[in-house]
């Protein structure tokens, strides 16, 4: 029988996947090391297990003890999973900029989570670094892993991630790109790869508001570089011991917006639902594409899964509030902007005269025709008038089903108004949509004219 002794034995040996559409303009072969295949859906599973096993071997954490860590979520996930298997209590401190999904997932694994303010200095007693350190001193048989300065972090990638990439690319890798947070991934993996081939370029992705790039280029720790940013998992306001600046050839900064937009592109164009920093890493690669040639083999290492960000970068309202999406009006925006209106329709057995009276009373020029709750046709003012004028003796007593046209087109409520053009013409004056609340709404040419 083929099975693993426990979930920890499934960590590592993640696949390389070729990126195609997003990198159409990049001359090199671009491969992604998809770390979401780890049990915690993150690359941090590797170093979390390594740090834990090294702590056990050194006698720093004994059976029944407490895991303590400051985390943006993913290292916490790896430690929490290992803690479940090995029987440890877990306490994590995190910053208030982290997604709710990350916090909820940690709690689902039985961990205690303390949310701390982001916009404080690392030595502030309220910071997630300081609180983790204090708890480790107060709680007996506990260990603060301190992923930033714990060199087992980068050793994990030297021992696993680097050798895997070298083997998977048959030694043909020329560039490695990854977001830099604690520095363990880029430093450990980069060191191993450069030992095999010193000509391999190691590029780190940084974010605006972080100190890494300027420090790497000038040797100056400039506090003026530090300011709040939204991107999760990369960039720092400290210099972790795990960051080996000698291994890194170049830092590329990527904006919050570009990282978020690229993550969404990876989902829609490549079928890869990944985290915020994955978008930043790929956006950084695109910014550096002119440095590459058709002979190059680029490996982009990504950190985590997009399920941690469904309330953020994969939420249109969150993106729009921050100006990360185009401001083009959508059908739903038009509906929200006008006064609340009931969905006015006629049933198929109502008479033409009744339909005409509704149009007059409501001052509307079109009506959907229903059979129960189903839309089966459409009526326009011109159709009704033509029938009444052509049949003056009938007096409009025929059912509307006898004269109705095809149903008005149904569109998604997220559809941009500019995309309605193919649906609307002289014969079709309106479209129909269903709101998130499940109610039908009609959008007419007149509505659009009043909005744009």
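The values are calculated or read from the model by the stated rules, or taken from the named source; none is laboratory data. Being a predicted model, the structure only gives us computed values, none of them experimental. A quick note on method: Cβ atoms are made from the backbone with ideal geometry, for glycine too, and the neighbour counts reach across all protein chains shown.
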Unmet requirement for residue 171, which otherwise passes all of (1) modelled with pLDDT of 95 or more; (2) more than 29 Å from the chain's Cα centre (by Cα); (3) in the same structural domain as residue 53 (by TED's automatic domain parsing)
(3)
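Filter the range 98-117 down to residues that are under 21 Å from residue 229 (Cα atoms), assigned to a helix (DSSP H, G or I) and out of contact with any strand residue (DSSP E or B) (no Cβ under 9 Å at 6 or more places or on another chain), then give me how many there are. Reasoning before the result, please.
Filtering the range 98-117 for residues under 21 Å from residue 229 (Cα atoms) gives 98-103, 114-117.
Cutting the leftovers down to assigned to a helix (DSSP H, G or I) gives us 100-103.
Right, trim to out of contact with any strand residue (DSSP E or B) (no Cβ under 9 Å at 6 or more places or on another chain) and you get 100-101.
The number of residues fulfilling the criteria is 2.
Condition (residue is without any contact (Cβ under 8 Å) to a residue 60 or more places away in the chain and in a helix (DSSP H, G or I)) applied to the range 370-380: is it met by at least one residue?
The initial filter retains those residues of the range 370-380 that are without any contact (Cβ under 8 Å) to a residue 60 or more places away in the chain, namely 370-374, 376-380.
Next cut, in a helix (DSSP H, G or I) only: none.
No, the conditions are met nowhere in the range 370-380.
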Residue 316 being over 28 Å from residue 401 (Cα atoms), outside the structural domain of residue 105 (by TED's automatic domain parsing) and surrounded by fewer than 15 Cβ atoms within 10 Å (Cβ to Cβ):
yes
If residue 36 satisfies all but one of (1) buried (at least 17 other Cβ atoms within 10 Å of the Cβ); (2) assigned to a loop (DSSP other than H, G, I, E, B), what's the number of the condition it fails?
(2)
Between 416, 409, which is surrounded by fewer than 18 Cβ atoms within 10 Å (Cβ to Cβ), closer than 30 Å to residue 317 by Cβ, modelled with pLDDT of 90 or more and touching a strand residue (DSSP E or B) at 6+ places or on another chain (Cβ under 6 Å)?
409
Within the range 238-257, can one find any residue that is modelled with pLDDT under 95 and more than 22 Å from residue 278 (Cβ to Cβ)?
yes
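Any idea which of 313, 344 is assigned to a loop (DSSP other than H, G, I, E, B), within 13 Å of the chain's Cα centre (by Cα) and touching a residue at least 40 places away in the same chain (Cβ under 8 Å)?
Values: 344 fails: within 13 Å of the chain's Cα centre (by Cα).
After applying the criteria, what remains is 313.
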So, residue 129, is that one modelled with pLDDT under 95, more than 23 Å from the chain's Cα centre (by Cα) and under 19 Å from residue 44 (Cβ atoms) or not?
yes
Just one of 359, 404, 319 is closer than 30 Å to residue 275 by Cα and touching a helix residue (DSSP H, G or I) at 6+ places or on another chain (Cβ under 9 Å); which is it?
319
Considering only the range 118-235, give the helices (runs of 4 or more DSSP H) lying wholly within it that have at least 3 residues that are surrounded by fewer than 17 Cβ atoms within 10 Å (Cβ to Cβ).
128-138
The range 262-279, residues that are surrounded by 18 or more Cβ atoms within 10 Å (Cβ to Cβ) and assigned to a helix (DSSP H, G or I):
262, 263, 264, 266, 270, 276, 277, 278, 279
Residues in the range 153-181 that are more than 21 Å from residue 275 (Cα to Cα) and out of contact with any helix residue (DSSP H, G or I) (no Cβ under 7 Å at 6 or more places or on another chain) total 9
Output yes when any residue across the range 386-395 is in contact with a helix residue (DSSP H, G or I) (Cβ under 8 Å, 6 or more places away or on another chain), modelled with pLDDT of 85 or more, outside any strand (DSSP E or B) and surrounded by fewer than 13 Cβ atoms within 10 Å (Cβ to Cβ), and no when none is.
no
